[in-house]
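Just below is one structure, and these are the notes that go with it.
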Amino acid sequence: MKRIAVLTSGGDAPGMNSAIRAVVRKALYEGIEVYGINYGYAGLVAGDFKKLTRQDVGDIIQKGGTSLYSARYPQFATEEGQLKGIEELKKFGIEGLVAIGGDGTYRGAHALTQHGYPCVCIPGTIDNDIAGTDYTVGFDTAINTVLDSLDKIRDTATSHVRTFVIEVMGRDAGDIALWTGIASGAEQIIIPEVDFDITKIAEKIRQGREHGKKHTIIVLAEGVMGGNEFAEKLDAIDNFHVRVTVLGHVQRGGSPSARDRVLASRFGAAAVDLLKEDKGGLALGIKNEAIVSNPIEDVLDKLETTSNLALYQLNQEISF
Ligand code: ATP
């Protein structure tokens, strides 16, 4: 391949810029031209392309968000949209595509693959909810952002002997809640993968108080229920006066961590290596610190929860 394109789609994640930079720089190093596509699949269909130079991706490795912008574009689920996208790519003489994003982004790339167009996917989402990879770009930064808030909330919770519920992102996967719950010493983690018993949690809070615990921190993944709803359920059992903090979109932003920048750089270069060899229909991942690739269809609609359950159990054992 002599000309490829790169886009970011779905929810933005810190480190997407580091990945874009690596795609562009590695491609140019290999003598391949790169086009950037603005606004994900919406820009693909609209032909919103621009040729990228090495200078265009200067000064972005450290920036959160995505310099190619992102968009939700449900119309790309139609064959009409997909074929129009391929037509635009061919118009520009572009032979392969790097798609950076989450599960939905993978689905779009899979559709293009089925139409015979080569795509390589890079997992970019703070949720860490993609199969075939131990980590996604953005997850490390997001958990450190959440941890910073949890540490601050703990200060005030301890001073006033309060119970806090902190709602974090994670619709289907509880990784953000798990990692930050353990790292902050939270008393309870609630995730979609594991059922919970609210009366047992209330009992745990009471016992903690009897043993002199000054605070109770409960980290709740949004996919289970809203923080306010959970707090109401707890207060209905006992008058805990539970306080709620919903961290929201602050979790998406910020300068990517060193880990996310390195991971994104490795993925970006690996994507170019695959397309250079005319290999498409693949999703990149990192497994035991090595970069791997799997057919996109093998990682769609799957969640890997094994490590989650071990971490959940660990927290149950060491939090009280
Ligand atoms: P995150 O999970 O971090 O929000 P995501 O990539 O899963 O990221 P989505 O909004 O689900 O985010 O998907 C991104 C884009 O991918 C959609 O706006 C749409 O353009 C495209 N897409 C999603 N599902 C499909 C599908 N079934 N077929 C083709 N394209 C799709």
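The values are calculated or read from the model by the stated rules, or taken from the named source; none is laboratory data. No experiment lies behind these values; they were computed from the predicted model shown. So basically every Cβ, Gly included, is an ideal-geometry build from the backbone, and we count neighbours across all protein chains shown. With ligands, DNA and RNA removed, areas are computed over all heavy atoms of the protein, side chains included. Shrake-Rupley method; radii C 1.70, N 1.55, O 1.52, S 1.80 Å.
Observations, loosely collected:
- Rounded Å value of the spacing that divides the Cα centres of region 269-316 and region 145-210: 28 Å
- Arg72-Leu303 pseudo-label distance in nm [points 7 Å out on the Cα-to-Cβ vector]: 1.9 nm
- For the set Lys287, Lys51, solvent exposure ranked by accessible area (probe 1.4 Å, protein chains only) runs largest to smallest as Lys51, Lys287.
- Region 25-177: antiparallel DSSP beta bridges as a percent of all, rounded to 5: 35 percent
- By the equivalent-ellipsoid construction on the alpha carbon gyration tensor, region 227-320 comes out with semi-axes of 40, 17, 14 Å, ordered largest to smallest.
- Calculated accessible area for region 1-142 comes out at 36 Å² per residue, all protein chains present (probe 1.4 Å; ligands, DNA, RNA ignored).
- Between Thr53 and Met225, the C-beta separation translates, for a Förster distance of 41 Å, into a calculated FRET efficiency of about 0.30.
- Computed packing ranks the peptides 122-132, 38-48 as 122-132, 38-48, most packed first, by mean other Cβ atoms within 10 Å.
- Part-to-part distance (alpha-carbon centres) for region 90-115 and region 1-78, which is given in Å: 12 Å
- His115 sits among other residues whose Cβ lies under 15 Å from its own Cβ, and their net charge, with Lys and Arg +1 and Asp and Glu -1, is -3.
- Ligands, DNA and RNA left out, the 1.4 Å accessible surface of region 140-253 is 46% carbon and sulfur atoms.
- Approximate spin-label separation Ile198-Ala290, in nm, with each point projected 7 Å along Cα-to-Cβ: 4.8 nm
- Dimensionless Rg/Rh of region 140-253 - Kirkwood Rh, Rg from C-alpha atoms: 0.94
- Remark: for residue pairs Lys50/Lys90; Lys84/Lys279; Lys63/Lys276, the C-alpha separation exceeds 19 Å in Lys84/Lys279; Lys63/Lys276.
- Packing rank of 65-71, 1-7, where each peptide gets the mean count of other beta carbons within 10 Å, highest leading: 1-7, 65-71
- Look at the dipole of region 142-280 built from charges on Cβ: of Pro192, Gly170, Gly208, the Cα furthest out on the positive end belongs to Gly208.
- Extending 7 Å from the Cα toward the beta-carbon at both Lys214 and Glu30 defines two label points whose distance is 5.6 nm.
- Ligands, DNA and RNA left out, the accessible area of region 1-102 computed with a 1.4 Å probe is 50% carbon and sulfur.
- Radius 13 Å from Cβ of Gln62, net charge of other residues (Lys, Arg +1; Asp, Glu -1): +1
- Region 1-108: antiparallel DSSP beta bridges as a percent of all, rounded to 5: 25 percent
- Rounded to the nearest Hz, the phi-derived 3J(HN,Hα) couplings of region 218-234 under the Karplus curve 6.51 cos²θ - 1.76 cosθ + 1.60 (θ = phi - 60°) are 10, 9, 10, 6, 4, x, 7, 5, x, x, 5, 5, 5, 4, 4, 5, 5, where x marks glycine and proline.
- Considering only alpha-carbon pairs that sit under 8 angstrom and 6 or more positions apart, the relative contact order computed for the chain is 24 percent.
- What region 221-320 shows is 52 Å² of accessible area per residue, with the surface traced by a 1.4 Å probe over protein heavy atoms.
- Neighbours of Pro256 by Cβ distance under 9 Å: Lys/Arg scored +1, Asp/Glu scored -1, total +1.
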